[in-house]
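Working notes, beginning with the structure itself.
Readers should treat all values here as calculations from the given coordinates under stated rules, not as data from a laboratory. Just so we're clear, the structure is a prediction, and the values are computed from it rather than from any experiment. Positions of Cβ are backbone-derived with ideal geometry, glycine not excepted, and every protein chain shown enters the neighbour counts.
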Amino acid sequence: MQDWREEYILYSRLPVFKRRVNDSAEIIEQALAKDVKWYIACSFGKDSICLLDLAIKIKPDLPVLHMDSGYCFPETYETRDYYMKQYNLNLTVLPATIDYFELMHQFGMPGISRTKSQQIKVVKMIKKDHPAEWAKKHGLSGVFMGLRKDESNGRRYTLNIRSPIYQTGDGMWKCCPLANWTIKDVWAYIITNNLKYPAFYDYTGIPGYDREWIRNSSWCTTDGAERGKIVWLRKYYPELYQRLIKEFPITKNYV
């Protein structure tokens, strides 16, 4: 058995891990008890597959939405197809409304040339407005999300001032059952439940770019460029790297 798996197996025996898993299941059940029509937002990354497994075990027919940028890693699509068959998911794949290369030309490159105000516009466009329109069209009024406090200061602030189940100004309900999980909880859950995950999380040959930091983002995103994301892309996905630098030559400055 690999050493990294042993670490998470040992962690899974701690009371704090068991408590967080039980708390998350209770949060899901509390949300489902409301007069709300829920769906799961699933990227099929590490956090999403934990949420998916927890929620589908409680309510197998929950609708699942995958926002497909068209630039997901091949392993993301493989993982999506696996769970679609494994859980017989009621899955909808929602294509992006704008090509991501065009998006980066128009609003700058994340982590390189995109401003904070531009990032807010992009997030609203692709992660809020588009799925909200889809949900409204299908009569859905609540979404389960795999957000965690320890992912960023912004998410920590937002999730600290709200309960795990809350309603936004537009009337949409949101539920974040994994809000209090750490990255160790995520991997402990994956390993102890033998969940399939995208293989790129095992591509850990770049210093500082380990499985606890690797993100299931679109391969063309430049978030983390200063940390080694582009170096990592060049090493493990040379063809995708060539496509990126051809379109955005500036990215060669980060390898």
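Placing unit charges on the Cβ atoms of the charged side chains and taking the dipole of region 97-203 about its Cα centre, the candidate lying farthest along the positive direction among ILE165, ILE191, PHE107 is ILE165. For LYS246 and ASP81, the difference between the fully extended length at 0.36 nm per residue and the C-alpha to C-alpha distance is 56.4 nm.
For region 75-144, taking Cα atoms only, Rg and Dmax work out to 15.2, 41 Å respectively. Measuring from a point 7 Å past the Cα of ASN88 along Cα-to-C-beta, which residues in region 42-79 have an amide N at less than 15 Å? Backbone N within reach: 56-63. Potential lengthening of the chain between LYS235 and SER117 amounts to 39.3 nm, from the contour at 0.36 nm per residue minus the alpha-carbon distance. Within straight-line reach of LYS128, meaning a Cα separation under 18 Å, sit the following lysines at least 8 residues removed in sequence or on another chain: LYS37, LYS116, LYS136, LYS137, LYS174.
For the chain, a crude dipole built from +1 on the beta carbon of Lys and Arg and -1 on the beta carbon of Asp and Glu, taken about the Cα centre, is about 500 debye to the nearest 20.
Using 0.36 nm per residue, how much length does the chain from ARG5 to VAL36 gain when fully extended, once their Cα-Cα distance is taken away?
Here the segment from ARG5 to VAL36 would lengthen by 7.3 nm.
Near TYR87, once Lys and Arg are set to +1 and Asp and Glu to -1 for all other residues with Cβ below 12 Å from its Cβ, the sum equals +2. For LYS128 and LYS18, the FRET efficiency from 1/(1 + (r/R0)^6), where r spans their Cβ atoms and R0 equals 45 Å, is about 0.85. Positive end of the dipole of region 175-255 (Cβ unit charges, origin at the Cα centre): among ILE245, ILE214, GLY228, the Cα lying farthest that way belongs to ILE245.
Given (1) 55, 21, 15; (2) 29, 24, 17; (3) 25, 22, 17, which label gives semi-axes √(5λ) of the Cα gyration tensor in Å as computed from the coordinates? Label (2) holds the value from this structure. Where in region 35-55 does the amide nitrogen come within less than 13 Å of the point 7 Å from the Cα of ARG215, taken along Cα to Cβ? Flagged as within label range: none.
Which of the trypsin sites (Lys or Arg not before Pro) found in region 31-74 are in a DSSP loop and have at most 16 neighbouring Cβ atoms, other than their own, within 10 Å?
LYS34, LYS37
For region 34-76, the dipole from Cβ point charges (+1 on Lys and Arg, -1 on Asp and Glu) about the Cα centre works out to 200 debye, to the nearest 20. For region 181-222, the alpha-carbon radius of gyration amounts to 1.24 times the rule-of-thumb value 2.2 N^0.38 Å expected for a compact globular protein.
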